[in-house]
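Presented below is the structure to which this report refers.
The values are calculated or read from the model by the stated rules, or taken from the named source; none is laboratory data. Only a predicted model underlies this, so the values are computations on that prediction, with no experimental measurement involved. In this analysis, Cβ positions are derived from the backbone assuming ideal geometry, glycine residues included, and neighbour counts consider all displayed protein chains.
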Amino acid sequence: MSKIAVVYWSGTGNTEQMANCVAEGVQAAGGQADLLQPSQFDGEKLGEYDAVAFGCPAMGAEELEESEFAPMFDGLEKDLKDRKVALFGSYGWGDGQWMRDWWDRCAAAGAVFCQEEGLMANEAPDGEAQEACRDLGRKLASW
């Protein structure tokens, strides 16, 4: 059984809804999904999981949330080499530049992705976005 960390920050509940759907997909595929807040996760904890799905919405000028999520992510970025990673998040403006930048950071750190690009939902995830999150969870669990 795969053990997957779903680490997310959500201000409005949109990214939280996406995280819950990712966890549902992991569980539907027979894996264990642990939903965690940034304060509950670090580089040491990363080693306890087969893969990790990081979720953060676009904030400010299309960047990661800076008070909780970004410090946690900055602290473990060096530990992403050869780690199985997925990225997801919601946004309300812009064109997804925060996700492309985040993806590039993970790739530069040596992360291995189970997806071709970060999974994004504009505002609240609709039924299609929720199902894409479940699909992502299933991929993570069977990877």
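The table that follows gives values for the structure above.
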{"item": "Long-range neighbours under 7 Å by Cβ, at least six apart or interchain, first residue farther than 16 Å from Met120 by Cβ within region 60-72, second at pLDDT 95 or above and surrounded by fewer than 17 Cβ atoms within 10 Å (Cβ to Cβ)", "result": "Glu68/Ser39"}
{"item": "Test for Glu24: is it outside any strand (DSSP E or B) and either crowded, with 24+ Cβ neighbours inside 10 Å or in contact (Cβ under 8 Å) with a residue 24 or more places away in the chain (or both)", "result": "yes"}
{"item": "Residue match in region 101-112 (condition: within 17 Å of Trp143 (Cα to Cα) and at pLDDT 95 or above)", "result": "yes"}
{"item": "Residue that is nearest to Glu123 (Cα to Cα) [pool: residues in region 1-21 that are in contact with an Asp or Glu (Cβ under 8 Å, 6 or more places away or on another chain) and either of a type in the set (D, E, K, R) or surrounded by fewer than 18 Cβ atoms within 10 Å (Cβ to Cβ) (or both)]", "result": "Gly11"}
{"item": "Only one of Tyr91, Tyr49 that is buried (at least 17 other Cβ atoms within 10 Å of the Cβ) and within 26 Å of Asn122 (Cβ to Cβ)", "result": "Tyr91"}
